[in-house]
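The structure appears right after this line, and notes come after that.
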Amino acid sequence: MTRQIEVLQARDLEELLAFARPFERDVLAAYPQIPVPSDQALRGLLEWVLAQGHGVISRSGDEVLGYLAVIGPFGDYHGGKSGVFSPLFANLVSPQDADRIFTEMLTALAEMPVLAGVDTMAVSICPHHRDHLASASLNGFGIRCSDAVQDIDALPMPTNEFPYEISEVHWRDAVSIIEAKRSLAEHLTKSPVYMEYFDFSPEFVAWKSEQRQSVHLVARDGDHIIGFIEATLEGENYLTNHPQMRNICGAGVLPQYRGQGIMRELLARLAERYRPEGIITLGVDYETMNPNARGFWERYFVPYTRSGERRFDCPWSGS
């Protein structure tokens with residue numbers, strides 16, 4: 001029977017949920033460090049995607065073979081003029097003929113008139129869904145970032161005699177960390193990362209920290225902040241929004257202080273800070289194209305997503 005590609009509609013929710021639920025169980029079995037989400041979590045994600053996004057579904061008769069949905073378009077997306085993002089579980093394909101199904105859905109998505117002008121797309125996929133990830137790669141998506149997770153008791157313990165002071169900074173005082181944040185942004189503009197520089201203004205840091213209610217731990221050499229780690233309630237995908245999980249969303253050490261175990265100590269102290277609250281899991285999202293970040297976080301955490309990005313030479317025409 002031939003495959004049909006159709007535009008996603010709100011009425012497709014139950015079909016999407018029935019198709020996605022086995023994938024969710026598979027991911028939880030493959031990565032036992034991830035806390036089990038509520039039964040409503042996946043439904044909530046799909047409801048949000050259907051309400052806010054655009055997408056297509058592949059069927060063979062009454063059988064769902066896959067779906068691909070995106071949020072956006074967003075202006076100035078990772079250096080592109082207009083970009084869309086497909087979060088974890090907003091894109092899934094049957095393992096049988098995964099490449100053909102994903103390619104057909106991507107083709108149909110790019111022809112949607114509502115997405116005309118898009119020149120950048122990102123997609124989040126679990127790495128053990130190898131055929132799905134391989135198809136994204138063959139379609140031009142290069143891995144850019146990851147989410148990773150770890151049981152809090154599997155993380156390193158604090159060092160007894162650490163040469164620098166570690167303390168917590170309230171989110172209301174997060175502006176005091178601005179130079180460390182700017183140092184990290186400057187580092188990411190250099191080889192081999194070459195990210196666009198983001199200038200952390202005092203207003204942005206204050207607003208973002210209040211929005212996230214962030215926990216900041218800092219390392220000091222005297223009165224000088226030389227490193228920080230920041231954690232929030234929510235991470236980059238729906239699996240991170242669990243009451244017993246917290247998510248690292250920023251970390252950095254000034255260049256002249258690297259190689260002294262400062263980030264390891266900040267991570268250990270963060271885990272220690274959360275244990276009395278009943279937190280059992282820490283997550284982190286990081287740029288895989290930053291070899292320092294990839295090497296550090298994957299030493300202590302287990303990656304469970306790979307997010308690929310493609311910059312299209314010509315914007316989508318919506319034809």
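Every number here is computed from the coordinates shown, using simple stated rules; none is lab data. No experiment lies behind these values; they were computed from the predicted model shown. No Cβ is skipped: glycine too gets one built from the backbone with ideal geometry, and neighbour counts run over all protein chains shown.
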What nm value, rounded to one decimal, do you get for the distance between Arg299 and His78 when each label is placed 7 Å out toward the C-beta?
2.7 nm
In percent, what relative contact order does segment 1-115 have, based on Cα pairs under 8 Å that are 6 or more apart in sequence?
27 percent
Using mean Cβ contacts within 10 Å as the protection proxy, how do 115-123, 160-168, 293-301 order, highest first?
115-123, 293-301, 160-168
Where a ≥ b ≥ c are the square roots of the eigenvalues of the C-alpha gyration tensor, would you call segment 210-314 rounded, which needs a/c under 1.5, or, failing that, prolate if a/b is larger than b/c, or oblate?
oblate
Per residue of segment 79-91, in order, report the coupling 6.51 cos²θ - 1.76 cosθ + 1.60 (Karplus, θ = phi - 60°) as ³J(HN,Hα) in whole Hz, putting x for Gly and Pro.
x, x, 7, 8, x, 10, 9, 10, x, 3, 6, 8, 9
The ³J(HN,Hα) series, computed from each phi in segment 237-242 with the Karplus coefficients 6.51, -1.76 and 1.60 at θ = phi - 60°, rounded to the nearest Hz and given as x for glycine or proline, is 8, 5, 5, 7, 8, 10
Can you tell which of Thr288, Thr107, Thr240 shows the greatest fluctuation in a Gaussian network model of the chain with Cα springs below 10 Å?
Thr107
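Figure the gain on full extension for Gln96 and Ser201 (residue separation times 0.36 nm, minus the Cα-Cα span) and round it to one decimal in nm. Before the final figure, lay out the partial values.
On the way: separation 105, 0.36 × 105 = 37.80 nm, distance 4.86 nm.
Computed gain between Gln96 and Ser201 is 32.9 nm.
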Compute the whole-percent fraction of alpha carbon pairs in segment 31-140 spaced more than 16 Å apart.
62 percent
Unit charges on C-beta of K, R, D, E only; dipole of segment 1-60, Debye
120 debye
Below 8 Å between Cα atoms, with a sequence gap of 6+, how large is the relative contact order for segment 197-265 in percent?
24 percent
Residues of segment 22-47 with backbone nitrogen within less than 20 Å of a virtual label 7 Å along the Cα-to-Cβ line of Gln244, please, listed as ranges.
24-42
Take the eigenvalues of the Cα gyration tensor for segment 15-68, scale each by 5, and report the square roots as semi-axes in whole Å, largest first.
22, 15, 9
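Only Cα pairs under 8 Å and at least 6 apart count here; give the relative contact order of segment 193-315 as a rounded whole percent.
Working: 131 pairs, mean separation 23.6, N = 123.
Reported as a whole number, the value is 19 percent.
Find, to one decimal place in angstroms, the Kirkwood hydrodynamic radius of the chain, where the mean of 1/r is taken over every pair of different Cα atoms and then inverted. Write out the running numbers ahead of the final one.
Working: mean 1/r = 0.0479 Å⁻¹.
Computed over Cα pairs of the chain, the Kirkwood hydrodynamic radius comes out at 20.9 Å.
Normalise the Cα radius of gyration of segment 141-230 by 2.2 N^0.38 Å (N = residues in it) and let me know the number.
Values: Rg = 15.3 Å, N = 90, 2.2 N^0.38 = 12.2 Å.
Output field value: 1.26.
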In order through segment 297-304: 3J(HN,Hα) via Karplus (6.51 cos²θ - 1.76 cosθ + 1.60), integer Hz, x for Gly, Pro
5, 7, 6, 10, 10, 9, x, 10
Just to be sure I understand the model, the point goes 7 Å from the Cα along the line to the Cβ. What's the resulting Arg275 to Leu233 distance in nm?
2.5 nm
Whole-Å distance, taken between Cα centres, linking segment 163-206 and segment 10-51:
34 Å
Within the chain: Cβ-based charge dipole about Cα centre, in debye rounded to nearest 20 (Lys, Arg +1; Asp, Glu -1):
360 debye
Extension gain from Ala41 to Thr107, taking 0.36 nm per residue of separation minus the Cα-Cα distance
20.8 nm
Out of all DSSP beta bridges in segment 161-319, what portion is antiparallel? Express it as a percent rounded to 5.
80 percent
